[in-house]
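Participant: One structure, pasted below without further comment.
The values are calculated or read from the model by the stated rules, or taken from the named source; none is laboratory data. Small disclaimer: the values here were computed from a predicted structure and weren't measured. Positions of Cβ are backbone-derived with ideal geometry, glycine not excepted, and every protein chain shown enters the neighbour counts.
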Amino acid sequence: MPTIIYIALLAVYIITTTGTAQELTPTVDLNLQPVTIEIPQRFRAQLGDEDLTLNLPPGFSARVFAADGLFGPRFMAFDDEGVLHVANMRVPGENKGQIVALPDRDQDGVADERVVVANGFRRIHSLAFYKGDLYAADNHQLVRLIDENNDGFYERRDLLAVLPSSDNVYQGREPGDETPAPVEDIHPTRTLAFDEVNQRIYVSVGSTCDLCRELDPERATVLAFDLDGANRRIYASGLRNAAGLALHPQTNELWVTVNGHDRQGNTLPPETVYIARNGSFHGWPFAYAGRTLVDFNIPAYKAVLPLTDADRALVRTMPDPIAVAPARLAPMAIHFNTGRTFPARYRDAAFVVFRAGHNAAVPGWKVVTLFSEPDGSNARLADFLTGLGSIPETGRSVWGTPVGLAQDTAGHLYLSTDFVHHTILRIEAPVVETAVSASATGPEAYALAQNKPNPFNAQTQIAYRLPGATRTTLTLYNAQGQSVRQLKNSFESAGAYTAIWDGKNNRGQRVASGLYFYRLQTDYGILTRRLILLK
């Protein structure tokens, strides 16, 4: 009898005190088109002979940047020299996690090689560069890595902070000791972000469980540290698993992606993006978007009860999320676009990765664009990259689970997939013809001339002028915006230059007749013209 009365009172409490669940964020259509991914021949042995496709906005293209030697590539970062580094999390064997460098010295959009620059990690997931040093968030610690002898390998490892970890029994254990962790830990990865304005490091620490009261107050939080690991504190809490962290380029506020709990069906709770602020509470394990209480009738969740006055007071402080997306999609990385090559509508927009979808009500395994005002208002979501995963009606299988995002100085977007195919994809923006100063004659002019002859058959000359010393790249693109041939990638002094194109691609193969674009990119801007190849 007491049990029956308890359940009845619980139902009344949920009905009378639950907040209003927020509707899903409005969506916009980017008119995605199927695109065949360019796969360099050397990756075919790993990826197979079958073509892979994605759906992208018109004009965008994709290629495999790296694939060989990758085992569960997660989050990525570029160093000061423009070399992409990735956390290689699932290298076979115990404590074999690596950070690998993927240099693209010839700037052809494909990594030249894979170089291990640090190893021996337990579950490396996230990394960042700051003032020449490499910072890494492993499962149990935050470390700073230093290359002491400039040989490309980070020998020195300074411990900045021990991070909450359920498998602390692994500390100092002998090789081969497989003693199980003392408690379940369903969120072992740690994500870090640098706040250069406030000289601060943020590290997210997920919950040990789906939904429970944590014994460790630092679980389900974002922690903040000074750059040397000092002044440790809980920055934001109630975040079940804030897998993605990024600072807005205009406001410098911390945006986080949050994974919802598991046992409330395939439509609740929604996935969310929040702005995390000092002292903010975001609901877990009591409530989710819109201050909506968890369904505590679910047997596994009843252990959280009873809710105290302090619990209810915390729920009342919850901020509204910036974005609310369908459930069960597992948001991962968030990245703000600051590249110059993406169309203007993407300036300062956020890209968010959704890694899952097998039990979701909508297709998953994708990247979405989050458009909003700098303060997060007026948010809209748009599918930007799809086609990695299955669509329920077709039964197509998943060929890549997306995780991390990074962007180079030229604006190209890089996406890691850590399962099925272990790859890094490079997404290139459409080529947009720009105004040029071909008629200028002064020595200070920056100009890109029309190629001669045009149309052409065997070869054509492309002339350009530089007003000062600069890094110069001159690249040919086809009408679909895909890179065909790189003619220049070097540091050049002021002066007039000429490049020759013989109608061949980077592999030395003759390309088809048709319309092509050539783009000059320097510190002075990007200039583009079109040409026609006739056979």
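Participant: Of all residues in region 215-231, which are in a loop (DSSP other than H, G, I, E, B), on the phi < 0 side of the Ramachandran plot and surrounded by fewer than 17 Cβ atoms within 10 Å (Cβ to Cβ)?
Facilitator: Leu215, Asp216, Pro217, Glu218, Asp228, Ala230
Participant: Sort out which residues of region 79-95 are in contact (Cβ under 8 Å) with a residue 12 or more places away in the chain, farther than 22 Å from Arg122 by Cα and surrounded by fewer than 18 Cβ atoms within 10 Å (Cβ to Cβ), and write them in order of number.
Facilitator: In the first step, residues of region 79-95 are kept if they are in contact (Cβ under 8 Å) with a residue 12 or more places away in the chain; the result is 79-80, 82-92, 94-95.
Right, trim to farther than 22 Å from Arg122 by Cα and you get 79-80, 82-83.
Result: Asp79, Asp80, Gly82.
Participant: Now for a separate question. Give the residue, chosen from Pro34, Pro58, Pro40, that is surrounded by fewer than 21 Cβ atoms within 10 Å (Cβ to Cβ), closer than 20 Å to Thr369 by Cβ, in contact (Cβ under 8 Å) with a residue 60 or more places away in the chain and not assigned by TED's automatic domain parsing to the domain that holds Ser372.
Facilitator: On the way: Pro58 fails: not assigned by TED's automatic domain parsing to the domain that holds Ser372; Pro40 fails: closer than 20 Å to Thr369 by Cβ.
The unique qualifying residue is Pro34.
Participant: Run down Arg233, Arg263 and say which single residue is without any contact (Cβ under 8 Å) to a residue 40 or more places away in the chain and more than 27 Å from Pro73 (Cβ to Cβ).
Facilitator: Details: Arg263 fails: without any contact (Cβ under 8 Å) to a residue 40 or more places away in the chain.
From the options Arg233, Arg263, the qualifying one is Arg233.
Participant: Could I ask something else about it? If you scan region 281-313, which residues turn out to be touching a helix residue (DSSP H, G or I) at 6+ places or on another chain (Cβ under 8 Å) and assigned to a strand (DSSP E or B)?
Facilitator: Phe281, Ala287, Leu293
Participant: Now for a different question. Test of understanding: among Phe336, Phe419, Phe371, which residue is among the hydrophobic types (A, V, I, L, M, F, W, C) and at pLDDT below 95?
Facilitator: On the way: Phe336 fails: at pLDDT below 95; Phe371 fails: at pLDDT below 95.
From the options Phe336, Phe419, Phe371, the qualifying one is Phe419.
Participant: Could I ask something else about it? Just to check your reading of the model, which residue among Ala66, Ala118 is crowded, with 22+ Cβ neighbours inside 10 Å, touching a Ser or Thr at 6+ places or on another chain (Cβ under 9 Å) and in the same structural domain as Asp133 (by TED's automatic domain parsing)?
Facilitator: Values: Ala118 fails: touching a Ser or Thr at 6+ places or on another chain (Cβ under 9 Å).
Result of the check over Ala66, Ala118: Ala66.
Participant: Quick test for you: out of Tyr235, Tyr274, pick the one residue that is more than 22 Å from Asn139 (Cβ to Cβ), in the same structural domain as Arg380 (by TED's automatic domain parsing), part of a strand (DSSP E or B) and among the hydroxyl-bearing types (Ser, Thr, Tyr). Outline the logic, then answer.
Facilitator: Numbers: Tyr235 fails: more than 22 Å from Asn139 (Cβ to Cβ).
The conditions single out Tyr274.
Participant: Can you tell me which residues in region 458-502 are among the small types (Gly, Ala, Ser) and part of a strand (DSSP E or B)?
Facilitator: Residues of region 458-502 among the small types (Gly, Ala, Ser): 458, 463, 468-469, 479, 481, 483, 490, 493-496, 499.
If the condition is that a residue be among the small types (Gly, Ala, Ser) and part of a strand (DSSP E or B), then Ala463, Ser483, Ser490, Gly495, Ala496, Ala499 are the ones that fit.
Participant: Among the numbered criteria (1) farther than 17 Å from Gly244 by Cα; (2) at pLDDT 95 or above; (3) surrounded by fewer than 24 Cβ atoms within 10 Å (Cβ to Cβ), which one does Ala287 miss?
Facilitator: (3)
Participant: Next question, about the same structure. Scanning for something among the hydroxyl-bearing types (Ser, Thr, Tyr), free of Cβ contacts under 8 Å to residues at least 24 places away in the same chain and touching a strand residue (DSSP E or B) at 6+ places or on another chain (Cβ under 8 Å), does region 470-486 turn up at least one residue?
Facilitator: The answer is no; no qualifying residue exists.
Participant: Sticking with this one: Among the residues of region 316-369, count how many are surrounded by 21 or more Cβ atoms within 10 Å (Cβ to Cβ) and among the charged types (D, E, K, R).
Facilitator: 3
Participant: With respect to Asp80, is the statement that it is within 19 Å of the chain's Cα centre (by Cα) and either assigned to a strand (DSSP E or B) or not polar (S, T, N, Q) (or both) true? First the steps, then the outcome.
Facilitator: Working: within 19 Å of the chain's Cα centre (by Cα): yes; either assigned to a strand (DSSP E or B) or not polar (S, T, N, Q) (or both): yes.
Answer is yes for this residue.
Participant: Take the conditions out of contact with any strand residue (DSSP E or B) (no Cβ under 6 Å at 6 or more places or on another chain) and surrounded by 20 or more Cβ atoms within 10 Å (Cβ to Cβ) and apply them to His261. Does it pass?
Facilitator: Details: out of contact with any strand residue (DSSP E or B) (no Cβ under 6 Å at 6 or more places or on another chain): yes; surrounded by 20 or more Cβ atoms within 10 Å (Cβ to Cβ): yes.
It is true that His261 is out of contact with any strand residue (DSSP E or B) (no Cβ under 6 Å at 6 or more places or on another chain) and surrounded by 20 or more Cβ atoms within 10 Å (Cβ to Cβ).
Participant: Which count do you get for residues in region 237-270 that are β-branched (Val, Ile, Thr) and out of contact with any Gly (no Cβ under 8 Å at 6 or more places or on another chain)? I'd like the intermediate steps shown before the answer.
Facilitator: Here is the first cut: in region 237-270, the ones β-branched (Val, Ile, Thr) are 251, 256-258, 267.
Add one more test, that the residue is out of contact with any Gly (no Cβ under 8 Å at 6 or more places or on another chain), and what stays is 251, 258, 267.
Of the residues in region 237-270, 3 are β-branched (Val, Ile, Thr) and out of contact with any Gly (no Cβ under 8 Å at 6 or more places or on another chain).
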